[in-house]
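Notes for the one structure printed next.
The values are calculated or read from the model by the stated rules, or taken from the named source; none is laboratory data. These figures come from a predicted structure and were not determined experimentally. Please note: Cβ atoms are built from the backbone with ideal geometry, for glycine as well, and neighbour counts cover all protein chains shown.
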Amino acid sequence: YLSRLNPQGELIKKLYFGKPKEDGGNGLIRTSDGGLLILGHTALPNFGIECDALVTKLNALDQIEWQATIGGGLDETCYHAVEMPDSSFWIAGTLHDEIKYKYIGLIFHLNKSGKLIGTDTLLQAGKYNKTLSRIFIDQDKNLLVGGNTPTYYWVTNDNDGYSSGIVIAGFNPNFENNSTPLFQNYYESASLNKLNDLIELKDHNGYLII
């Protein structure tokens, strides 16, 4: 759902943009035409039996222009997007295989009408799973993505547990599907470190992560 508040923080209206059950929104960006793009998932997918990623484009009057459902037979969702100069959108998301406990970071490219143009993945490297939750355009006009590396591990007291680190990667936005990232780095941890947001510093001086 989408809630609009007045300048005093009081609820004006609440709008729903999914099918009944467990559809949800994870991210929101304003678009260059004055509208909004909502990133989330649908629990009643078009493909398979799990969730699919759901992208909803609203105009300036909060009316639906289009919705795009992206996914296959597993569990996909999306979290963040960036608009390109041609009004297309790059979207960061994640594929989750609950049976194999496997996460793969995904990026989707939609045109301005919501048609899927292409996808790419951050495949597992060794024990690393990857989820992607942030995407930006950097100073060199490349895609900068960030997320987490949830890892299943055996803790010292013989109980199962989880840890997570951080992953960031760069892509040329004109890549072919499943191309090699410009860079891809991991910051492993024995505790639950998570990337919630990142920004690029000016003059190519690196990144800040929280």
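Of Tyr186, Tyr153, Tyr162, all but one fail to be modelled with pLDDT under 85 and in contact with a Leu (Cβ under 8 Å, 6 or more places away or on another chain); the exception is Tyr162.
Conditions (1) crowded, with 18+ Cβ neighbours inside 10 Å; (2) within 20 Å of Asn148 (Cα to Cα); (3) modelled with pLDDT under 95, marked per residue:
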{"residue": "Ala53", "(1), (2), (3)": "yes, yes, yes"}
{"residue": "Gly72", "(1), (2), (3)": "no, no, yes"}
{"residue": "Glu83", "(1), (2), (3)": "no, no, no"}
{"residue": "Phe89", "(1), (2), (3)": "yes, no, no"}
{"residue": "Ile99", "(1), (2), (3)": "no, yes, yes"}
{"residue": "Gly105", "(1), (2), (3)": "yes, yes, yes"}
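In segment 55-70, the qualifying residues are those that are under 15 Å from Ile91 (Cβ atoms) and modelled with pLDDT of 85 or more, and the one that is surrounded by the most Cβ atoms within 10 Å (Cβ to Cβ) is Val55.
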